[in-house]
Amino acid sequence: MSNKLRETKRMLNKRNLKRSHGAIIIILCVLTVIVLYISYRFFSISVTKTVDQVNLEKRAQNLYQNQGQASVKRGQIYDSVGNILAENASVYTVIAVLQKDQPSYVKADQIQEVSEKLAQALGGEAKNYQKVIRNGQKQNYFQVQFGAKGANISQDKYKKMKAAKIPGIIYEAHPSRLYPNGQFASDLIGTVSAQGSDNIKGISGIEGSWDKQLQERAGLSALSIRNNSMNTNEKAVEAKNGSDIYTTLNIKLQSTLEDKMNVLQSDLNPKQSFAAIVDTTNGNIVAETQRPTYNATTNEGFGNFWSNILTQEPYEPGSVMKGITLASAIDTNNWDGNATYNSGQIQIGDKLVKDWNNGKGWGRISFSDGIAESSNVAMVLTEQKMGAKTWGKYIDRFKFLRPTDVGFKSEAAGSMNFRYPIEQASTAFGQGIQVTPIQMLQAYSAIAGNGDELKPHVISKIVDPNTKKVIYNAKREKVGKPIKASTASATRRELENVIYNPKGLGSMYAIPDVRTTGKSGTAQIATSSGYSQPGDNRNEIHSWMGMAPSDKPRYMMYILVKEPQTHTDNLAKDMSGVFIPTMQQALQLNSGDEKVVVSDRQQIKIPTVTNEAVNKAKVEIEANHLQVETIGDGKLVKRQYPEGGQSNLANERVFLQTGGNIKVPDMHGWSKRDVLAWSKMVDIKIHASGEGYLTEQSVLPDTALSDGIHEITVKYEIP
């Protein structure tokens, strides 16, 4: 019995041993497969440098490059003195974290609460947010986002959502562009694409046309990984902030213009409208707007197609062109305002040209009365007297049919039909020729000034914040002299008839207590079947070019209203309602009115004026509520202290080193800081006693340093 038991145990042990050997073999086989798989993965990664279709080399390189990037910003856009028009900001993407090993994530029992709070903050229904979260959990996603509703969240909304402390919700910041004034010269300032992405690019206006100057450049230490070793590329890329652009706009005038154009737009409902004010001394556009327009921050109203009326929309100018015809005739001694003619209509070949009152005219009248009445026949006779060849030359001399090269992309050149006598005559009263508003403003600058035609400017200066220097400074740019100074003066006097002659059509444009001159215009619209009928206001282009004061215009303003659809009897009232108050405000402006808007004790950004004309620099600094101390009698700022871009309190002193003859200033009342700043800029040693503000100085004010001044003794006292 015992032998059988022992045999049974022996057989069992043998069987168990075989089973153990089998298990060991299986385990060894599994381990071998695992080792082979890991070896294969390491070999694959070392050769392809790819895991799950992610290139590890590129990812590592990007990681090192990103670590080497400096924080850089797109350049900002300002008005002429530093009020912000376009600035950098952040928008946010809402993210729900689902991974359970994270410090904060959306738990299963929180989904309903989170969804309801998201719906309340972002809009839409809670069930849609719940569906996204549950699907993410089912798919075992690390996190989920909520499409358009959860993207490009504004600063204000982000702050409110953060304060609500929604469980498991985090926010990813992206660079954005903010236009704090909303609908404000939007066609001029422009907008950007890819709001909320890491690659913002200008697509319209200044943002688009000056994108290269505004664009920042990320700096890279450019560490790269090659063949399992780390090497530094030969050339690193220097980080650079984008340049800041100062426009020629005056923020107060622009605000007024926007308000008045809103009233016009609301009443007349035109298909398009436009207005601009130009400083006649230098060609600067100080206010400009158009309708339709848009909010550049939200892009509301931008639409799928956008064009800038100022430079991209050629049109037939109508009777405003008569001012150019008049100037050309006066300049060539082909104008006699007292001479008379038969108004109403005139035959040119087989074509009949009529005055705007359906050819009735006003009998036999003087040419001056013809200007007042805006007679087409008067202009035809004037063109014929000059001759088509001479008239064509003046069209060219006034720089029509070519871009002004003001800087905007895709600027239109315009066009003209000028082969046949009827075409040549038609251009004299503004039909058969297409121009842009900026071409008309440029041409009229010769009439508003002394015969010099000035290039319009929308950019005042460009500042490189990296070097703290002005790299572009707009100057008065004469592009031609189509007429003599005496011609310009005589043309303005003749155009006064439009306003002050009892027969004139522009009496409503008279600025109270300011002698005004200008020319109204109405142009029929060309279609495939011919021109619209005179008097059909809804299918016409209405315009006004006004200048004041007449004897020596300081500003000129151009207003266009294309195809008004409602209340057309109010055209003159609404257009003069834009012209008169805006021009009055412009004429009353002085340098003290152009100020940066700041609150009490607010830190002020010091403008960069190095390389800028001294007079212009002083205006900019004073506009920022700072005092100016000029060192020397040079014409350009060679150095400034404190440097541009730094912050300071209102009424602090900024020193401008201009070179030339330097004199000792009257420093009574100066702080010790200001005295030391001046002394360092002129390399003069100061011997000081006391504390507080300067009460005594050993060298009299206005003493030239070239007289042998090397040191000054001063005394300070506490008030």
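Our summary of shape: the Cα atoms of segment 457-599 have principal axis extents of 60, 41, 37 Å, ordered from largest down, in whole angstrom.
Taking a straight Cα-Cα cut-off under 29 Å and skipping sequence neighbours fewer than 8 places away in the same chain, the lysines within cross-link reach of Lys107 are Lys117, Lys127, Lys131, Lys138, Lys149, Lys157, Lys159, Lys160, Lys162, Lys165. If a spin label sat at a point 7 angstrom from the Cα of Gln99 along the line to its beta carbon, the backbone N atoms of segment 136-171 nearer than 12 Å would be those of 141-144. Computed from the C-beta positions of Ser410 and Asn466 and an R0 of 30 Å, the FRET efficiency is 0.50 to the nearest 0.05. Expressed as a whole percent, the proportion of Cα-Cα pairs in segment 253-588 lying more than 37 Å apart is 13%.
For Val654, nonlocal amide neighbours, meaning residues 5 or more places apart or on other chains whose placed amide H falls under 5 Å from its own, are Gln627, Val628, Glu629. Compared with the direct C-alpha span, the chain from Gln139 to Glu652 gains 178.5 nm at full extension, assuming 0.36 nm per residue. About the centre of its Cα atoms, segment 306-464 shows a dipole size close to 220 debye [charges on the beta carbon of Lys, Arg (+1) and Asp, Glu (-1) only; nearest 20 debye].
Residue exposure proxy: Met681, Met557, ordered by other Cβ atoms within 10 angstrom of their Cβ from fewest to most, comes out as Met681, Met557.
Over 28 Å between Cα atoms, which of Lys638/Lys663; Lys271/Lys389; Lys252/Lys680; Lys73/Lys562 qualify?
As for pairs spanning more than 28 Å Cα to Cα, those are Lys271/Lys389; Lys252/Lys680; Lys73/Lys562.
The listed peptides 486-494, 474-482, 313-321, ordered by packing as a protection proxy, come out as 313-321, 486-494, 474-482 (highest mean of other Cβ atoms within 10 Å first). Across segment 604-717, C-alpha contacts under 8 Å between residues 6 or more apart give a mean separation that, scaled by the residue count, equals a relative contact order of 23 percent.
Over segment 604-717, with a single point scatterer placed on each C-alpha, what log10 of the ratio I(q)/I(0) does the Debye formula yield at q = 0.19, 0.23 1/Å? These q points yield log10 I(q)/I(0) values of -1.00, -1.30.
3J(HN,Hα) along segment 408-415, derived from phi through the Karplus expression 6.51 cos²θ - 1.76 cosθ + 1.60 where θ = phi - 60°, amounts to 6, 6, 6, 6, 7, 8, x, 7 Hz, with x in place of Gly and Pro.
Readers should treat all values here as calculations from the given coordinates under stated rules, not as data from a laboratory. The structure presented is a predicted model; accordingly, all values stated were derived computationally and were not measured. Neighbour counts run over all protein chains shown; Cβ positions are idealised from the backbone, glycine included.
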